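K.L.:
Sharing a structure with you now.
The values are calculated or read from the model by the stated rules, or taken from the named source; none is laboratory data. In this text, all values refer to a predicted model and were calculated from it rather than measured experimentally. Backbone-built Cβ (ideal geometry, glycine too); neighbour counts: all protein chains shown. Ligands, DNA and RNA are excluded from the accessible area calculation, which covers all protein heavy atoms including side chains. Shrake-Rupley method; radii C 1.70, N 1.55, O 1.52, S 1.80 Å.
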Amino acid sequence: MLFKTLFAGHERGGLIVMLAIVLMLLWVSIGNLAVPASSSWHVSTYTVTILGKFLTYALLAVSIDLIWGYAGILSLGHGAFFALGGYAMGMYLMREIGDRGQYGNPNLPDFMVFLNWHELPWYWYGFDHFWFAALMVLLVPGILAGLFGWLAFRSKVSGVYFAIITQALTYALMLAFFRNEMGFGGNNGLTDFKDILGFSITENSTRVGLFVASGIALILGYFIAQAIVRSRFGRVLVAIRDAEPRTRACGYPVAQYKLVVFVISAMLAAVAGALYVPQVGIINPGEFSPLSSIEAVAWVATGGRGSLFGPIIGAFAVNYSKTQLTTLAPDLWPFVLGGLFILVTVFLPKGLISLLGRRKKPVEESETMVINKAIKQETSVAADRKTEVL
Amino acid sequence: MLSVPNESEIIGDRVATLAPGQPDVTHGTILYLEDVTLSFDGFKALNKLNLTLDDGELRCIIGPNGAGKSTMMDVITGRRKPDSGQVFFGQNIDLLKHQEHEIARGMVGRKFQRPTVFEALTVAENIELTLLGPRAPWAVLKARSTAAERDRIDEVLTTIGLIQLRHQPAGILSHGQKQWLEIGMLLAQNPRILLVDEPVAGMTGEEVARTAELLVSLAGERTVVVVEHDMAFVRKIARTVTVLHQGSVLAEGSLSSVQSNPKVIEVYLGETPCSH
């Protein structure tokens, strides 16, 4: 029964991708922990971390697709929510260091000692507890998205104007976090983490644990997004995307709908960020850079917006190419990314997934044509009858 | 001068039998417009317009460009408020006191000239979103489609003749089918009055005939008002025709009486309207 409600009317590609992720989780965990390093089946910890990072990127892509693909809200500042989630997690990890920092101060993180601070700022209170940090991972980006969205959607800011102000948002946050006075480590950000929930962060098993947690978060995030999209709420979102004034005329409070989905999406992005930070071992203001947000949108466009599994494929494909290419020719990457964005927009407007669906399409279309023809015939018969009566 | 009682003046058991929001049509009239005037920068788009619609009738409204047809529809649907005059729905509901979205739900449905349907959604889903029901995000998120709703969707789709296309995306529909779907979306909101603006513009002959049939079948249960330039179409469906000119009614009556009215002939520059 549960199975049925979960999967009824589900996009098939999505199920295949979910299955692939589960298999990847199993294969990589076993390959890293159980297979000896001498075997050719062994999966290196480096690979585990890279794939874990990709999984969090994929969740970020899903969160962007939820608003862009379904509600038509293009956010070019979603990296801000990702980074805020990352900072909340980073603050917890900093507090976990305790007196093991270079200065050995049990009360203050290293960078504060370095800045000659004597007291912990009030906004660091509570981050010694994991549950508090986890709550903040959701709340801080959620509230920011709520305020920002409320102001924007209430004034009917949409389309390219909305995209521009989201860029401004993430840029402003970047500048703010660069300042040492903010109390978030300034330029260097938060780093040198030791452990998470008592597990050493450099340990293989912790790495695999974080990798699996990222996979589970992605799967959950995907199903949450899927549930939203498949509900009547989701159909209203699509209606807003395609004909906003008409939807408003039907009595739907459009701004509220956009606000709700924007906040949910920001929270998904924040969870991705929170899982990203312990795996890469650092969070700094660079994560707020407008370019990273645009890059994330490029993953969605490449994979295919408007299906929730397309962005997952896109995030993996683009980032895999990026890792390969940056080791070969790091300077080339921005050009490749720009070129990719142009090529996809021109030749594959529906993204990589349209390559998969291409074989099926003609059949569907001919079906509709047959039905249309049937209806037409019926109409003409009705029209004939009508003229006879007259 | 029509005697239109105010809402507060109505007392006694007659009102008690009416559900809130239900028009009182004991005198057989569903819509009264009295001395409605609306001007834009001194130009009187509506000039002491008087119009009454009988409950369940099918009325055609014609008139040259700038006669005030669109402005009249704006006033009836609450989109614009007139400078002066009264607009009553039944004898008891003052439409000027209601917001546009309140009027759209259950009172007056308006079909705009260009069809706008939700192209990515299926035909049935288009109707589903317009059904009367919750509109707030949380309520809609929790909403599950009920059997009653599905029946209502089927009923509307049967009326507009798109039942076989119910699972198809609305984007693949022909122009005429989209117009019917939009009429269906209005029907889903269960309006007493249906305002239809140039429904057959750009339709094929077949589609025009089918649309005429549809609109005629809708009258009776509802009041249908058609604003149309296509005189051949008007002739097909009209019983009573109202001619608007410079913001007020120039003539009213059967199509033939209107067409032979010298004032109407003069307005149409000596031509009969049917030569359009």
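K.L.:
What is the magnitude of the charge dipole of the protein assembly as shown about its Cα centre, with +1 placed on the Cβ of each Lys and Arg, -1 on the Cβ of each Asp and Glu, and no other charges, expressed in debye to the nearest 20?
P.N.:
That gives the protein assembly as shown a dipole magnitude of about 980 debye.
K.L.:
How far apart, in nm, are two points set 7 Å out from the Cα along the Cα-to-Cβ line at A:Asn180 and at A:Asn204?
P.N.:
Distance between label points: 4.2 nm.
K.L.:
Segment A:106-120 to segment A:225-265: how many Å between their Cα centroids?
P.N.:
46 Å
K.L.:
Give the B-A buried accessible area in Å², both sides summed, 1.4 Å probe, nearest 100.
P.N.:
Approximately 3100 Å², summed over both chains.
K.L.:
Quick one: grab the alpha carbon gyration tensor of chain B, order the square roots of its eigenvalues as a ≥ b ≥ c, and give me rounded if a/c is under 1.5, else prolate or oblate depending on whether a/b is larger than b/c.
P.N.:
It comes out oblate by the Cα gyration axes.
K.L.:
Given axes a ≥ b ≥ c from the Cα gyration tensor, I'd like to know whether segment A:1-128 is rounded (a/c under 1.5), prolate (a/b larger than b/c) or oblate.
P.N.:
Oblate, since a/c reaches 1.5 and b/c is not below a/b.
K.L.:
Ignoring ligands, DNA and RNA, please state the percent of accessible area on the protein assembly as shown from carbon and sulfur, probe 1.4 Å.
P.N.:
61 percent
K.L.:
Within 10 Å, count the other beta carbons around each residue, average over each peptide in A:79-86, B:76-83, and list them highest first.
P.N.:
The packing order, highest mean first, is A:79-86, B:76-83.
K.L.:
If you don't mind, there's one more thing I want to ask. Enter the accessible area per residue of segment B:37-97 (Å², integer; probe 1.4 Å; all protein chains in place).
P.N.:
Here the residues of segment B:37-97 average 39 Å² of exposed surface.
K.L.:
Please give the peptides A:14-27, A:163-176 ranked by average Cβ packing (other Cβ atoms within 10 Å per residue), highest first, as a rough proxy for protection.
P.N.:
A:163-176, A:14-27
K.L.:
Further, regarding this structure: Just to confirm my numbers, what's the Cα centroid distance between segment A:143-216 and segment B:29-99 in Å?
P.N.:
55 Å
K.L.:
Which residue, A:Ala272, A:Ser158, A:Met18, has the largest displacement toward the positive end of the dipole of segment A:11-289 when charges sit on each Cβ (Lys, Arg +1; Asp, Glu -1)?
P.N.:
Towards the positive end, the residue furthest out is A:Ser158.
K.L.:
Using amide H atoms built in the peptide plane, which far-off residues or other-chain residues are under 5 Å from B:Ile93 H to H?
P.N.:
HN-HN under 5 Å from B:Ile93: B:Asp24.
K.L.:
Taking a point 7 angstrom from the Cα of A:Tyr171 along the C-beta vector, which residues in segment A:48-82 have backbone N less than 17 Å away?
P.N.:
A:75-81
K.L.:
Describe numerically, in nm with one decimal, the distance between label points set 7 Å from Cα along Cα→Cβ at A:Leu19 and at B:Arg144.
P.N.:
The two pseudo-label positions are separated by 2.8 nm.
K.L.:
Along Cα→Cβ, 7 Å out, is where each label goes; now give me the distance between the ones at A:Val160 and A:Ile216 in nm to one decimal.
P.N.:
Inter-label distance under the simple model: 4.5 nm.
K.L.:
At a cut-off of 40 Å², which residues of segment B:148-164 become less accessible once all protein chains are present than in their chain alone, using a 1.4 Å probe?
P.N.:
Checking the loss per residue gives B:Gln164.
K.L.:
First obtain the Kirkwood hydrodynamic radius of segment B:97-146 from its Cα pairs, then insert it into the Stokes-Einstein equation at 20 °C and 1.002 mPa s, and state the resulting D in µm² per second as a whole number.
P.N.:
Roughly 165 µm²/s, to the nearest whole number.
K.L.:
Also, I was wondering about something else. Based on DSSP H assignment, which helices of chain A show an axial Cα extent of at least 24 Å together with a mean Kyte-Doolittle hydropathy greater than or equal to 0.0?
P.N.:
What comes out of the filter, once short or polar helices are dropped, is A:12-33, A:45-71, A:78-97, A:130-154, A:159-178, A:204-230, A:254-280, A:310-328.
K.L.:
Over segment A:116-258, what per residue volume does the convex hull of the Cα atoms give, in whole Å³?
P.N.:
With only Cα atoms used, segment A:116-258 gives 163 Å³ per residue.
K.L.:
Separate question: Could you work out the pair-distance distribution P(r) of chain A from its alpha-carbon pairs, with 10 angstrom bin width and percents rounded to whole numbers?
P.N.:
The distribution over chain A is 5, 20, 29, 24, 12, 5, 2, 1, 1, 0, given as percents.
K.L.:
Give me the net charge of B:Pro115's neighbourhood, meaning all other residues with Cβ under 14 Å from the Cβ of B:Pro115; Lys, Arg count +1, Asp, Glu -1.
P.N.:
Counting the neighbours of B:Pro115, the net charge comes to -1.
K.L.:
Suppose all protein chains stay in the model; what accessible area per residue would a 1.4 Å probe give for chain A, in Å²?
P.N.:
Ligands and nucleic acids excluded, the figure is 48 Å² per residue.
K.L.:
Excluding B:Leu194 itself, what net charge comes from residues whose Cβ is under 13 Å from its Cβ, given Lys and Arg +1 and Asp and Glu -1?
P.N.:
Around B:Leu194, the surrounding residues sum to 0.
K.L.:
Expected output is a single nm value to one decimal: the length gained when fully extending between A:Ile143 and A:Lys194, i.e. 0.36 nm times separation in residues minus the C-alpha distance. What is it?
P.N.:
15.4 nm is the gain from fully extending A:Ile143 to A:Lys194.
K.L.:
Continuing with the same structure: Rounded to the nearest 5, what % of the DSSP beta bridges within the protein assembly as shown are antiparallel ones?
P.N.:
Rounded to the nearest five, the antiparallel share is 60 percent.
K.L.:
Defining a contact as two alpha carbons under 8 Å apart and six or more residues distant in sequence, what relative contact order in percent does segment B:121-197 show?
P.N.:
Relative CO of segment B:121-197 lands at 50 percent.
K.L.:
Alpha carbon centre of segment B:203-264 versus segment A:30-63: separation in Å?
P.N.:
71 Å
K.L.:
Only Lys, Arg, Asp and Glu count, each charged at its Cβ (+1, +1, -1, -1), so figure out the dipole size of segment B:148-256 about its Cα centre, rounded to 20 debye.
P.N.:
Its charge dipole is roughly 100 debye.
K.L.:
Would you work out which of A:Ala88, A:Tyr222, A:Ala145 lies farthest towards the positive end of the dipole of the protein assembly as shown? Charges go on Cβ: Lys and Arg +1, Asp and Glu -1.
P.N.:
Going by the charge dipole, the pick is A:Tyr222.
K.L.:
Could you tell me what fraction of 2.2 N^0.38 Å the Cα radius of gyration of the protein assembly as shown comes to, as a two-decimal ratio?
P.N.:
1.21
K.L.:
List for segment A:212-253: residues with 50 Å² or greater reduction in accessible area, all protein chains versus chain alone, probe 1.4 Å?
P.N.:
A:Arg232, A:Phe233, A:Arg235, A:Arg246, A:Cys250, A:Tyr252
K.L.:
Given +1 on the Cβ of Lys and Arg, -1 on the Cβ of Asp and Glu, and no further charges, what dipole in debye does segment A:134-218 carry about its Cα centre, rounded to the nearest 20?
P.N.:
For segment A:134-218, the charge dipole is close to 360 debye.
K.L.:
Moving on to the next point. With a Förster radius of 35 Å, plug the Cβ-Cβ distance of A:Leu291 and A:Val35 into 1/(1 + (r/R0)^6) and report the FRET value to the nearest 0.05.
P.N.:
0.35
K.L.:
Let me ask something additional. Other chains near B:111-124: what is the mean number of their Cβ atoms within 10 Å of each residue's Cβ?
P.N.:
Across B:111-124, the average partner-chain Cβ count within 10 Å equals 3.
K.L.:
Which entries in the list A:Lys350/B:Lys142; B:Lys69/B:Lys263; B:Lys81/B:Lys263; B:Lys44/B:Lys263; A:Lys53/A:Lys194 go over 22 Å, if you measure between the two C-alpha atoms of each?
P.N.:
A:Lys350/B:Lys142; B:Lys81/B:Lys263
K.L.:
Using a cut-off of 14 Å between beta-carbons, work out the net charge of the residues near A:Ile97 (Lys and Arg +1, Asp and Glu -1, A:Ile97 not included).
P.N.:
Net local charge, A:Ile97 excluded: -3.
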